[in-house]
């Protein structure tokens, strides 16, 4: 099977083949099977997509984010779409109740993808792939809990740039090829991500809470500028269905 030689490359065919052969070694009997066409792609790259990696926004330290329409668990047990927050709202964290300081807005950028996280027939969570999840791991001394992240490379870039990551003990890389055990309002759930490649200018949102270092989106416990002090010693048990009244009392008490 032969491919046609591209006429636009004829003038530099000899030089191109020399370059190509540095990277490609065809089988000795392939002369009659393949004829590789070489073409020069006319690109005029711009810096905007490179600069906008998804780690810069109007605030100084936000990065990890969720899509519009993501439902956040409020202190009273109700839920609210993340894009409707303005600051001052009381939300549930993995250790209690906290007030939202700011609503951070950013775009996806070119170095991240969006994960779809599903539990049964419940509405899925759509979140950027470097956003840490509270995770249970199996260790040599038994199970332990800490933050886990799928896109470790972007997470480390954010940390190096002082963007969004406050952990000294880093998040642990998560495998995308097998289910991982993630904290959910129903307890612990084994979930495997579905990856979505979306436009770099896709708008995303994140809530910065005053304390607790986390909030709960579409049932999953995710980080909010979390630090080690927010996570050391935490043992997630899920949320009971009758917790709404207790959460409301906590929320009202914290306003005093």
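At a glance:
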read-out	value
Count of segment 150-164 residues which are touching a strand residue (DSSP E or B) at 6+ places or on another chain (Cβ under 9 Å) and outside any helix (DSSP H, G or I)	3
Number of the condition not met by residue 88 [criteria: (1) modelled with pLDDT of 95 or more; (2) within 25 Å of residue 123 (Cβ to Cβ)]	(2)
Of all residues in segment 156-170 being closer than 22 Å to residue 117 by Cβ and touching a residue at least 40 places away in the same chain (Cβ under 8 Å), the one that is farthest from the chain's Cα centre (by Cα)	167
Residue, nearest to residue 127 (Cα to Cα), within segment 219-256, restricted to residues that are at pLDDT below 90 and not in a helix (DSSP H, G or I)	240
Filter pass, residue 80 being assigned by TED's automatic domain parsing to the domain that holds residue 236, modelled with pLDDT of 50 or more and touching a helix residue (DSSP H, G or I) at 6+ places or on another chain (Cβ under 6 Å)	no
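The values are calculated or read from the model by the stated rules, or taken from the named source; none is laboratory data. The structure displayed is predicted, hence computed values, not measured ones. Here Cβ is always computed from backbone atoms with ideal geometry, including for glycine, and neighbour counts include all displayed protein chains.
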